[in-house]
Each structure stands twice: as C-alpha cells, then as structure tokens.
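Trainee: My structure is below; once you've seen it, I'll send some questions.
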Amino acid sequence: MKSCKRDFPGVDRKTSNQLALDVKTDEQTIIEQIAEIRRQSAVSLEAIGYLLGSDPAQISRYLKGACSTTLTNYLRIARALGYRCRVILEKSDNAGVDANILAELKLVAHKVRHGR
C-alpha cells in the first residue's frame, strides 16, 4: 500500500508545499507571540508545566517549534500565561494557489454493493 507524504494530498505537490508552508508560518507566529509573552512575564517552564500537568521539557519543545502540537495546547499555554487567544480567520493571499480549489472539486457519491 502506497502512502502519501504530502500535507495536502488532494492537490498537486507545488500547491501542497505552499499550503504547508503557510500553515508552518502561522504556527511560527503563534509560537513567537507566546514566547514573547513568556519572556515579558518571566514565567518559568516549570510553572507553565505545573499548571498544564505537563513536563516542562515538553512545553519547551512546543515553544521552540521542535515538535508540533495542537492549537488547543497553544491556547492552554496562553491561558496559563494569563492571556486569552482569539483565532481570526482571514482570506489568504493564495500566492500561486488556486483560490477556487474546493469550489471546483466535484465529489460523486457512490454506492457500495455487497455481492454474495
């Protein structure tokens, strides 16, 4: 069985790479903002880890971008630092990415027939 190594397997490789880069950039922005708040607040990783019930080393990996985590974990870290995070969805620039990629996608329903 062949598995797909792309982040967005429903599109061509160039588009998949661009979308993955955009996601990585957004994640890096979140990490940088949380790290800046932590520096300004002088809160230790141990304190954040204690509040979240997590290992301080794991929190460090999240804030260095060494490993991916969920958006929920970034939101939890922000709350532990005393901040509330709002997620704002903006229309992307789509440089080099087809803007109507989902609008043009036509999926046809199919019936599964059990032959006995």
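Where a number appears in this text, it was derived from the coordinates with a stated rule and is not lab data. In this text the structure is predicted, and so the values were computed from the model without any measurement. Virtual Cβ from ideal backbone geometry, glycine too; neighbours counted across all protein chains shown.
Trainee: Around Leu75, under 12 Å between beta carbons, what's the net of Lys plus Arg minus Asp minus Glu among the other residues?
Mentor: On the way: positive: Arg76, Arg79, Arg84, Arg86; negative: none.
Net charge in that neighbourhood comes out at +4.
Trainee: Something else: Can you work out the Karplus-derived ³J(HN,Hα) for every residue in segment 43-52? Use 6.51 cos²θ - 1.76 cosθ + 1.60 with θ = phi - 60°, whole Hz, and x for glycine or proline.
Mentor: Going residue by residue, I get 9, 7, 5, 4, 5, 5, x, 4, 5, 8 Hz, with x marking Gly and Pro.
Trainee: Measure out, as a whole number of angstrom, how far apart the alpha-carbon centroids of segment 70-92 and segment 1-65 sit.
Mentor: One Cα centre to the other: 12 Å.
Trainee: In addition: I need the phi-derived Karplus couplings for segment 67-81: 6.51 cos²θ - 1.76 cosθ + 1.60, θ = phi - 60°, integer Hz, Gly and Pro marked x.
Mentor: 9, 7, 9, 7, 4, 4, 5, 5, 5, 5, 5, 4, 5, 4, 7
Trainee: By its C-alpha gyration tensor, with a ≥ b ≥ c as the square roots of the eigenvalues, how is segment 31-80 shaped: rounded for a/c under 1.5, else prolate for a/b larger than b/c, else oblate? List each step's numbers first, then the result.
Mentor: Working: a/c = 1.33, a/b = 1.09, b/c = 1.23.
It comes out rounded by the Cα gyration axes.
Trainee: Could you please report the charge total around Glu27, scoring K, R as +1 and D, E as -1 over all other residues with beta-carbon less than 14 angstrom from its beta-carbon?
Mentor: Numbers: positive: Lys24, Arg61, Lys64; negative: Asp7, Asp22, Asp26, Glu32.
With Lys, Arg at +1 and Asp, Glu at -1, the net is -1.
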